[in-house]
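Participant: Take this structure, written in structure tokens, and hold onto it; I'll ask about it next.
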Amino acid sequence: MKNSWDIDTLRHYVQEASLRSFTPYSGLPRAALVLMSDGAWACGVRIENASYSLVIPALSSALVSTASIGRKDIVAILFSGPVKQEEKIAILQTVTPSLDQLDKDFFGTPGCTYRIGNQLTMGKHFSKPIDPNTGIRIARHAAEYADIPESNFPVGAIAVTDKLQYFQGANIEHPDWTRILCAERAAIATAMSAGGSNIRNIYVSCPKSTAASPCGACRQVLYEVAPKSTVWFDRGNQAPRRFRTKDLLPEAFRLTNHHRISS
């Protein structure tokens, strides 16, 4: 990066974002910052889960958050610590055109003159509590941003906090299916990365199926980070269907510490 002050500014942003990580099991916060071609930027944070394989890495949070609002014009990625091997692989396989590692914590575009603009607006506010039909309507709109070359099955979701902030997500697919995040988890990652805590409602729309509901992975993540939330399913011309998150995953578990699982 040509201007050292600029990269130091970005480092400050990503370090600040890392404080929003949800890492109760490792105790190791992590954040990634993606810089767009117009200077806009956004951060994603690590979100851990009692089912360790369902952890949402910081890079994945950043990529799905921005893709869920239609932004994929990434020119640089900065991490809150040295780049890990798995992050290098993910960047090479996910971000196009490919970026080069230019510093211990930084992937960029060789020869690019970077500029830093404003942080992308990831969340919006409702002026008053919304009815379920409004939430479903916005979730349907979010589904339009789905990137679904593998399944051709769009899904949209919004996560609404107790402060009436809402954050949208869409299912963003990858040739490596293990890296795919559903719309519900994309919305959660977007909310938590932006500091939207206390998620109270999740609205989910599957335009091609009025019988679909969150997968097991999404149910586990919802139970972990928003156990008191309510999930609303789009049922087409019928009234949205409502479930309490805790009822979606019977016999759910959480790790209370490193040695014990509690039901």
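The values are calculated or read from the model by the stated rules, or taken from the named source; none is laboratory data. All values reported here derive from a predicted model rather than from experimental measurement. Methodologically, a virtual Cβ is constructed for each residue, glycine included, from the backbone with ideal geometry; neighbour enumeration extends over all protein chains shown.
Participant: Residue by residue through segment 103-131, note down the ones that are under 25 Å from HIS12 (Cβ atoms) and among the polar types (S, T, N, Q).
Facilitator: THR109, THR113, ASN118, GLN119, THR121
Participant: Is it the case that ILE69 is farther than 16 Å from GLN15 by Cβ, part of a loop (DSSP other than H, G, I, E, B) and not assigned by TED's automatic domain parsing to the domain that holds THR190? Let's see the steps before the verdict.
Facilitator: Values: farther than 16 Å from GLN15 by Cβ: yes; part of a loop (DSSP other than H, G, I, E, B): yes; not assigned by TED's automatic domain parsing to the domain that holds THR190: yes.
Judged against the criteria, ILE69 is a match.
Participant: Of the residues ALA142, ALA157, which single one is assigned by TED's automatic domain parsing to the domain that holds SER213, of a type in the set (A, V, I, L, M) and assigned to a strand (DSSP E or B)?
Facilitator: Working: ALA142 fails: assigned to a strand (DSSP E or B).
Only one candidate passes the filter, namely ALA157.
Participant: Test VAL14 against the criterion of being touching a strand residue (DSSP E or B) at 6+ places or on another chain (Cβ under 6 Å) and in a helix (DSSP H, G or I), and give yes or no.
Facilitator: Details: touching a strand residue (DSSP E or B) at 6+ places or on another chain (Cβ under 6 Å): yes; in a helix (DSSP H, G or I): yes.
When the stated conditions are applied, VAL14 passes them.
Participant: Then there is this: Quick check on my filter: what residues within segment 95-115 are buried (at least 18 other Cβ atoms within 10 Å of the Cβ) and either charged (D, E, K, R) or touching a residue at least 40 places away in the same chain (Cβ under 8 Å) (or both)?
Facilitator: Selection gives ASP105, PHE106, GLY108.
Participant: When segment 173-229 is examined, which residues are found to be among the acidic types (Asp, Glu), surrounded by fewer than 24 Cβ atoms within 10 Å (Cβ to Cβ) and not in a loop (DSSP other than H, G, I, E, B)?
Facilitator: Quick first cut of segment 173-229, residues among the acidic types (Asp, Glu) only: 173, 176, 184, 224.
With the extra rule that they be surrounded by fewer than 24 Cβ atoms within 10 Å (Cβ to Cβ), the set shrinks to 173, 176, 224.
Correct list: GLU224 only.
Participant: Take ALA31 and tell me if it is touching a residue at least 24 places away in the same chain (Cβ under 8 Å) and over 22 Å from ARG254 (Cβ atoms).
Facilitator: Working: touching a residue at least 24 places away in the same chain (Cβ under 8 Å): yes; over 22 Å from ARG254 (Cβ atoms): yes.
Taking the combined requirement at face value, the residue satisfies it.
Participant: Next question. How many residues, within segment 146-156, are closer than 12 Å to PRO207 by Cβ and crowded, with 17+ Cβ neighbours inside 10 Å?
Facilitator: Our first condition is that a residue be closer than 12 Å to PRO207 by Cβ; within segment 146-156, this holds for 146, 148, 152-156.
From what's left, crowded, with 17+ Cβ neighbours inside 10 Å: 146, 154-156.
Total meeting the criteria: 4.
Participant: Collect the residues in segment 157-172 that are surrounded by fewer than 20 Cβ atoms within 10 Å (Cβ to Cβ) and touching a strand residue (DSSP E or B) at 6+ places or on another chain (Cβ under 7 Å), keeping them in residue-number order.
Facilitator: Of everything in segment 157-172, those that are surrounded by fewer than 20 Cβ atoms within 10 Å (Cβ to Cβ) and touching a strand residue (DSSP E or B) at 6+ places or on another chain (Cβ under 7 Å) turn out to be ASP162, LEU164.
Participant: Among (1) more than 20 Å from ALA191 (Cα to Cα); (2) free of Cβ contacts under 8 Å to residues at least 24 places away in the same chain; (3) not hydrophobic (A, V, I, L, M, F, W, C), which single condition is SER51 missing?
Facilitator: (2)
Participant: Here are ASP105, ASP147: which of them is within 15 Å of the chain's Cα centre (by Cα) and under 28 Å from ARG30 (Cβ atoms)?
Facilitator: Working: ASP105 fails: within 15 Å of the chain's Cα centre (by Cα).
It is ASP147.
Participant: Filter segment 116-145 for residues that are farther than 24 Å from TRP232 by Cα and touching a residue at least 12 places away in the same chain (Cβ under 8 Å); which is surrounded by the most Cβ atoms within 10 Å (Cβ to Cβ)? Lay out the reasoning, then the answer.
Facilitator: Within segment 116-145, the subset farther than 24 Å from TRP232 by Cα is 116-121.
Next, from what is left, pick out any that are touching a residue at least 12 places away in the same chain (Cβ under 8 Å): 116-120.
Working: ILE116: 18, GLY117: 11, ASN118: 9, GLN119: 14, LEU120: 16.
Filtering segment 116-145 for residues that are farther than 24 Å from TRP232 by Cα and touching a residue at least 12 places away in the same chain (Cβ under 8 Å), the one surrounded by the most Cβ atoms within 10 Å (Cβ to Cβ) comes out as ILE116.
Participant: Here's another thing I want to ask about it. Could you run through segment 85-106 and say how many residues are assigned to a loop (DSSP other than H, G, I, E, B) and out of contact with any helix residue (DSSP H, G or I) (no Cβ under 9 Å at 6 or more places or on another chain)? Quick ask: steps written out before the conclusion?
Facilitator: At the first step, the residues of segment 85-106 found to be assigned to a loop (DSSP other than H, G, I, E, B) are 95-99, 104-105.
Those still in the list that are out of contact with any helix residue (DSSP H, G or I) (no Cβ under 9 Å at 6 or more places or on another chain) too: 96-97, 104.
Here the count works out to 3.
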